[in-house]
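Input: a single structure, listed below in structure tokens.
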Amino acid sequence: MRYVVLAAIVASLTLCLGLELISKQKTDQRNAIIEQKRRELQPMAKIAAEVQAYTHAKDALQRRIDIINQLKMNQKGPVGAMKILAGVDPAMIDSIAIDQKTITINSRAEVQTDAEVLERRSANGRFTLKVKI
């Protein structure tokens, strides 16, 4: 009976050792495949880094272009105001105030213009005209 138990233990240990060796062999094969794939990808790493650098630079340039385009859209300048003021007789004008959307003209006589008039006031011989740009 002792020999049967001893034989069972030896057979069990042999089986476990055999399975362990097979498992180790599979692990070594997989590690070898992984290492081979890494070596194959090594030259492509430089290309991937270049592509990433170009992508980063492209994104930065695109942000700059978007900011420039946004500034251009927000840039009105005095062109609209100059166009309106070119059609007004400057002889009677006392002062002009220009803001983002309107021109306010203070004068001693009533001013005529083709632009859209938002407000017209007169008091004590003074005239105020608010025109949309």
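Computed as a quarter of the hull surface, the mean projected area of the alpha carbon convex hull for the chain stands at 20.4 nm². Total lysine pairs in region 30-130 at Cα distances under 23 Å, for residues eight or more apart or on different chains: 10.
Given a Förster radius of 35 Å and the C-beta distance between ILE47 and LEU15 as r, what FRET efficiency does 1/(1 + (r/R0)^6) yield to the nearest 0.05? Result of the calculation: an efficiency of 0.10. For GLN75 and ASP114, the FRET efficiency from 1/(1 + (r/R0)^6), where r spans their Cβ atoms and R0 equals 22 Å, is about 0.35. Dividing the summed helix terms, -39500 (n - 2.57) for each DSSP H run of n ≥ 4, by the number of residues in the chain produces a 222 nm estimate of -22500 deg cm²/dmol to the nearest 500. Between the amide H of ILE133 and those of THR102, ILE103, distances stay under 5 Å, these residues lying 5 or more places away or on another chain, with hydrogens modeled in the peptide plane. Using heavy atoms of the protein chains and a probe of 1.4 Å, the accessible area assigned to LEU118 is about 90 Å². Within region 33-89, which trypsin sites (Lys or Arg not before Pro) sit in a loop by DSSP and count at most 13 neighbouring Cβ atoms inside 10 Å? Answer in residue order: LYS76.
Give me the percent of accessible area attributable to carbon and sulfur for the chain, probe 1.4 angstrom. Summing carbon and sulfur atoms, their accessible area is 60 percent of the total for the chain.
Taken one residue at a time, the phi angles of region 31-42 give Karplus couplings (6.51, -1.76, 1.60, θ = phi - 60°) of 5, 5, 5, 4, 5, 4, 5, 5, 5, 5, 7, 3 Hz. Gly and Pro are set to x. Full extension of the segment from ALA123 to SER23, taken as 0.36 nm per residue of separation minus the current Cα-Cα distance, would add 25.8 nm.
Relative protection proxy for 90-100, 104-114, from highest mean packing down: 104-114, 90-100 (other beta-carbon atoms within 10 angstrom).
By the Stokes-Einstein formula, at 0.890 mPa s and 25 °C, region 1-72 with its Kirkwood radius over alpha-carbon pairs has D equal to 137 µm²/s. Principal axis extents of the C-alpha atoms in region 54-95 (largest first, rounded to whole Å): 61, 16, 9. 3J(HN,Hα) along region 115-126: 6, 6, 8, 8, 7, 9, 9, 9, 7, 6, x, 10 Hz, from the Karplus curve 6.51 cos²θ - 1.76 cosθ + 1.60 with θ = phi - 60°, whole Hz, x for Gly and Pro.
Ranked by solvent-accessible area (1.4 Å probe, protein heavy atoms only, all chains present), the residues VAL79, VAL117 order from largest to smallest as VAL79, VAL117.
The residues of the chain present an accessible area of 87 Å² per residue when probed at 1.4 Å with all protein chains retained.
The values are calculated or read from the model by the stated rules, or taken from the named source; none is laboratory data. Since the model is a prediction, treat every value here as computed from it, not as a measurement. Cβ sites come from the backbone with ideal geometry, for glycine too, and all protein chains shown count toward neighbours. Protein only, heavy atoms only, side chains kept; ligands, DNA and RNA dropped before computing areas. Shrake-Rupley method; radii C 1.70, N 1.55, O 1.52, S 1.80 Å.
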